[in-house]
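Quick note: the coordinates plus some simple rules give every number you see, no bench work behind them. Please read these numbers as outputs of a predicted model, since none were measured by experiment. Note that we place each Cβ from the backbone using ideal geometry, even for glycine, and neighbour counts take in every protein chain shown.
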Amino acid sequence: MGADQGAEQNYREMMSDEGTPRIVLSDLFEAVEQTPEIKQVVDRILQKNQPLTIVLEGSVTPENIDTIHTLISSRDNPGDRILLFDISSQATEEHRQYIKKAYPKRDYQVARGDMMSLGLTSGCADLVVNDCAINYCESDQENKRTLEEIRRVLKDEDAACLFSVVVDRQYDDPEFGENQELVEEEARSIPGTFPILPEEGSPTRKCWPVPYYEDLLRQAGFSFRKFDVERDKNNRMFRVSYRRYLLQKN
Ligand SMILES: C[S@@+](CC[C@H](N)C(=O)[O-])C[C@H]1O[C@@H](n2cnc3c(N)ncnc32)[C@H](O)[C@@H]1O
């Protein structure tokens, strides 16, 4: 096994182990539960009479399927779909096996796919969830494509995206303002990096400052509400900080 593959494997193991400092989809939905104005929007979507399409972009651990299943199980609408797209063949296979075993009667589908080009019809999704998968993007252009694609697949009415992103934590300092708004214009387009594992030599991913991501969201045609700010501040994972947003089409 190469060094990169070994690190990926360690990352998967960390994300599947409740005892490690991980943040998974259940944390995102716990934050939704605790934020009345966000919960209200999500509940309105979940209470629709028509079958729902929920698109999950990137998931390391199959228990994330349980989290979404729990959200929709009380609806008992056999037409409800969860569509998971992950670029990793290992993630795809693990989720497929898990669904076959745990939810054989549900229309939960897994595809090896790219969040920048989902191959879905426009306006088909009620809820899109991107919980830090955007941090696998390597460039401004890839970030833009990911957000354009989310906007394209979302329905026009009563639809939303739950979006979490790891941000450049060097600017989480009063010197740069509560929301990093004092980061200089020129610095905003320069990505920092963060480790995916809490150990020396960990592979890294890219992260930009908060104002960069908020501009990106506006330019992609979203209005947004931020949530879970206090928990991020009080409960920072190993050397990583994040922001969470509810996105709706303008
Ligand atoms: C940070 S992890 C997501 C963590 C997730 N919130 C969880 O709880 O498991 C990112 C995931 O996105 C996937 N990914 C990376 N690039 C992708 C792409 N272009 N399209 C779809 N999935 C991608 C990775 O394979 C990985 O499974």
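Figures for the structure shown
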quantity	calculated
Residue ID - nearest to residue 78 (Cα to Cα), chosen from residues in the stretch 49-60 that are surrounded by 15 or more Cβ atoms within 10 Å (Cβ to Cβ) and away from the ligand (no atom under 16 Å from the Cβ)	52
Only one of 43, 66 that is in a helix (DSSP H, G or I) and either within 15 Å of the ligand (Cβ to nearest atom) or buried (at least 16 other Cβ atoms within 10 Å of the Cβ) (or both)	66
Leading residue by the ranking (farthest from the chain's Cα centre (by Cα)) among those in the stretch 22-40 that are within 13 Å of the ligand (Cβ to nearest atom) and assigned to a loop (DSSP other than H, G, I, E, B)	22
Residue within the stretch 205-224 that is touching a Leu at 6+ places or on another chain (Cβ under 7 Å) and part of a loop (DSSP other than H, G, I, E, B) present	yes
Condition check for residue 82: in contact with a Lys or Arg (Cβ under 8 Å, 6 or more places away or on another chain) and under 20 Å from residue 27 (Cα atoms)	yes
Check on residue 218, basic (Lys, Arg), more than 15 Å from the chain's Cα centre (by Cα) and closer than 22 Å to residue 22 by Cβ	no
Residues located in the stretch 153-167, provided they are within 15 Å of the chain's Cα centre (by Cα), under 16 Å from residue 68 (Cβ atoms) and not polar (S, T, N, Q)	160, 161, 162, 163
The stretch 122-148 residues that are without any contact (Cβ under 8 Å) to a residue 40 or more places away in the chain and farther than 18 Å from residue 64 by Cβ, paired with ones that are more than 9 Å from the ligand (Cβ to nearest atom) and β-branched (Val, Ile, Thr) (beta carbon under 8 Å, 6 or more apart)	122/153; 123/153
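For (1) over 30 Å from residue 48 (Cβ atoms); (2) out of contact with any strand residue (DSSP E or B) (no Cβ under 9 Å at 6 or more places or on another chain); (3) surrounded by fewer than 18 Cβ atoms within 10 Å (Cβ to Cβ), each residue gets a yes or a no:
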position	(1), (2), (3)
124	no, no, yes
136	yes, no, yes
145	no, no, yes
162	no, no, no
173	yes, yes, yes
176	yes, yes, no
181	yes, yes, yes
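Every residue, every condition in (1) among the hydrophobic types (A, V, I, L, M, F, W, C); (2) touching a Ser or Thr at 6+ places or on another chain (Cβ under 9 Å), yes or no:
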site	(1), (2)
44	no, no
50	no, no
60	yes, yes
64	no, yes
93	no, no
111	yes, yes
118	yes, no
